[in-house]
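Structure first, commentary second.
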Amino acid sequence: MSREEIQAFLQAIKTDKYYSGYHDFCMAMFYLGIRPSEAVGLRWKYIDWKRKTVTICESLSRNEDGRSAGYARQRKTTKNSKIREIDLHPDLYKTLHEQFNPEAKPEDLVFLSPKGNPIDDHNFSQRCWKKICQRIGIDKVPYAARHSLGSHLIENGATIPQTAAILGNNPETTARHYSHMLNRPKMPGFLNTSGPGTSEPGSP
């Protein structure tokens, strides 16, 4: 998703009559590049307000039988068991800090459904996410938030290893998905012609 599409999405969901309660959840997915199950399972104890970081080390995943409702979800490690620490962008830091209730327990979930339950990512995808996408004229799935961050990181100059560390992938997987985002190198010339990138007579 382009920067403009992400901005349009977040603005549309923030002002939606029925789904505005999912704005911060979506914002976290865009700004952190975390998997939906990692966002669903994020707990307040993993946010370091002083260092302005968040640690991603577990998820609240669907049940083995595929059930996605909050009561049926299972707490697991991340998909590949990698623990990663991600810097909080000032925008997201401000949003989360405003949402934080000092009376919240460290084990409490950061994001909840409007009814106060763990978010059912299937219902969220089919109802909320799909509706907001239709409103702004795009056709994307929630995982687009994660892939979008990876693309924008590389466009902004992040290396493949840096991007992999933030997304919790190995560099090989990241290179396979995002190599098309890298700047194409200028091909060298070898004839005695003028212009940058060409060789002079007698040079190697």
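Coordinate-derived values only; no laboratory data. No experiment lies behind these values; they were computed from the predicted model shown. We place every Cβ from the backbone using ideal geometry, glycine too, and count neighbours over all the protein chains shown.
Structure notes:
- Greater than 19 Å apart at Cα, pairs in Lys52/Lys94; Lys14/Lys130; Lys115/Lys140; Lys45/Lys105; Lys45/Lys94: Lys115/Lys140
- Placing unit charges on each Cβ (+1 for Lys and Arg, -1 for Asp and Glu) gives the stretch 3-143 a dipole about its Cα centre, and among Leu92, Thr53, Ser81 the Cα reaching farthest toward its positive end belongs to Ser81.
- Dipole of the stretch 3-143, positive end: most advanced residue of Gly41, His122, Tyr31 [Cβ charges, Cα centre]: His122
- Ordering Glu38, Glu103, Glu155, Glu5 by the number of other Cβ atoms within 10 Å of each residue's own Cβ, fewest first, gives Glu103, Glu155, Glu5, Glu38.
- Footprinting exposure proxy for Trp129, Trp49, Trp44 (fewest neighbouring C-beta atoms within 10 Å first): Trp49, Trp44, Trp129
- Potential extension, Glu107-Phe190 segment - 0.36 nm per residue separation minus Cα distance: 23.6 nm
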